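Visitor: One structure, as structure tokens, below. Some questions next.
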Amino acid sequence: MDKKSKCRFKGNQDGEIYINDLLLVAKWIAASLTGELTDDEYHLLEKWRLQSEEHQQLYERMQNMERQKLTREKFASFNKLAGWDGFREKQKKDRRKSLRIRIMNYAAIVLLVGGVFYFFAGNESKKLSDREPVSVMPGKPQAQLVMADGKLIDLVEQTGVIKGENVLIHNTRKQISYEDVVHLEEERVVYNEVRVPRGGEYQVKLSDGTLVYLNSLTRLRFPVLFSGQTRVVELEGEAYFEVAKDVEKPFIVKTGTYDVQVLGTHFNISTYEEESTVETTLVEGAVAISGEGIEGKIVLKPDEQFVFDRESGKCGVKSVDVSYFVAWKDGKFRFRDVRLEDIMRAVERWYNVQVVYEDESVKNLRFGFNMSRHETIEPLLNIFELNGKVKINKEGTVLKIRQGR
């Protein structure tokens, strides 16, 4: 076929795209499924995907085919003794071996379905995509930055260097860094805020070097430069802190319920409004907790968790396996003997779905598992259904749960 042969796609700026470009798009999609997509390729793929509804449907169609195949492979040969993580590594190696074959398969689909879109535009193309259920994709790095003047910046769209008041903010696709800050002579504190939506996560490196991992549905407000005798930030949602040590300036996290004060340490705070408790889990170092209803200060040691019950106003400290409470930071779901309703609240936030209980009794069923949270939602739902206690019907982004057998 001539190099300049082309296939028309509805929605492009000029209505045309070269076949060589389609092969490149197929390569990017295949690479995205094996984790080998570069930042530049990611941006080009996103630009192509957002050009038209047809491109979006093609993208979802090809990803769905691959995800469904992977799900079947996993549950056909999953070895409990080897563990999920080991199995995932094997799957990645197998998928990379066949990357070239997959690229050609995807390219053929792009060309074939692209031609179908050309001849059957509008409603007909939508009917084609409706034949296969669309997977619910996992969360990904996405957030908004609120500047001191109230300006909103989409951190996915605007990468590189962002100019703020007295600060140059460096933004990758997953982290913003406040390392180039102009020291002001006057004692004026300039605040920024990062908001992470449902289905998102992001990292913030503060001006003192502290690294903060933000989970879905989380807000962090902080000064672009810490001044005075303390370093104070405000948190709603969930975050993991790796605090840079500064013995002269304690680091304080205000949760709206209580304050957590540290000098330099690693810890996790969960303060979601929809949860009945507020939890601080210490990984290393030491933290002091103070607030209304707390006598003096409560000091935590590593592997301890402070729990405040919003309903009763009671609080306490207990020993825990911290890995279950910080696994989200490392891209994992880890639960042990946890109520289904509690697990599903985390699922709703990460996958941006709605859970409907057709049978209230299933809320108290308890589950435990360990898996990557960067999978589509289908493997997770299969885990719940394996023991037959529940049945989950997925209708778009709505999960309807009832009793199993």
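The values are calculated or read from the model by the stated rules, or taken from the named source; none is laboratory data. Computed from a prediction, not measured in an experiment: that's the story for all the values here. All Cβ positions, glycine included, derive from the backbone under ideal geometry; neighbour counts span all protein chains shown.
Visitor: May I ask you to list the residues in the stretch 373-405 that are touching an Asp or Glu at 6+ places or on another chain (Cβ under 8 Å) and of a type in the set (Gly, Ala, Ser)?
Guide: Matches in the stretch 373-405: Gly404 only.
Visitor: Inside the stretch 207-219, can you point out the residues that are in contact with a Gly (Cβ under 8 Å, 6 or more places away or on another chain) and crowded, with 19+ Cβ neighbours inside 10 Å?
Guide: Leu214, Asn215, Ser216, Leu217, Thr218
Visitor: What's the number of the only condition in (1) part of a strand (DSSP E or B); (2) charged (D, E, K, R); (3) surrounded by fewer than 15 Cβ atoms within 10 Å (Cβ to Cβ) that Arg334 fails to meet?
Guide: Answer for Arg334: the failing condition is (3).
Visitor: Among the residues of the stretch 244-301 satisfying the criterion of being touching a helix residue (DSSP H, G or I) at 6+ places or on another chain (Cβ under 9 Å) and of a type in the set (S, T, N, Q), which is farthest from Arg198 (Cα to Cα)?
Guide: Thr281
Visitor: Looking only at the stretch 178-191, decide whether some residue is modelled with pLDDT of 95 or more, part of a strand (DSSP E or B), closer than 24 Å to Gly264 by Cα and more than 14 Å from the chain's Cα centre (by Cα).
Guide: No, every residue in the stretch 178-191 fails to be modelled with pLDDT of 95 or more, part of a strand (DSSP E or B), closer than 24 Å to Gly264 by Cα and more than 14 Å from the chain's Cα centre (by Cα).
Visitor: Another question, if that's okay. Does at least one position in the stretch 114-126 carry a residue that is modelled with pLDDT of 95 or more, small (Gly, Ala, Ser) and at positive phi?
Guide: Scanning the stretch 114-126 turns up no residue that is modelled with pLDDT of 95 or more, small (Gly, Ala, Ser) and at positive phi.
Visitor: Separate question: If a residue must be out of contact with any Ser or Thr (no Cβ under 6 Å at 6 or more places or on another chain), within 17 Å of Leu220 (Cα to Cα) and either small (Gly, Ala, Ser) or free of Cβ contacts under 8 Å to residues at least 24 places away in the same chain (or both), how many such residues does the stretch 240-284 contain?
Guide: Final tally of qualifying residues: 4.
Visitor: Taking the stretch 208-227 as the search range and keeping residues that are in contact (Cβ under 8 Å) with a residue 40 or more places away in the chain and outside any strand (DSSP E or B), which one is farthest from Asn268 (Cα to Cα)?
Guide: Applying the filter and picking the extreme gives Ser227.
Visitor: Moving on. Kindly establish whether Val356 is surrounded by fewer than 20 Cβ atoms within 10 Å (Cβ to Cβ), free of Cβ contacts under 8 Å to residues at least 60 places away in the same chain and within 23 Å of Glu236 (Cβ to Cβ).
Guide: For Val356, the condition - surrounded by fewer than 20 Cβ atoms within 10 Å (Cβ to Cβ), free of Cβ contacts under 8 Å to residues at least 60 places away in the same chain and within 23 Å of Glu236 (Cβ to Cβ) - is not met.
Visitor: For the stretch 224-244, which positions are buried (at least 20 other Cβ atoms within 10 Å of the Cβ) and either over 14 Å from the mean Cα position of the chain (by Cα) or on the phi < 0 side of the Ramachandran plot (or both)?
Guide: Val224, Phe226, Arg231, Val233, Leu235, Glu238, Ala239, Tyr240, Phe241, Val243
Visitor: Do you know which residues across the stretch 353-388 are closer than 29 Å to Asp330 by Cα and in a loop (DSSP other than H, G, I, E, B)?
Guide: Selection gives Val353, Leu365, Arg373, His374, Glu375, Thr376, Asn387.
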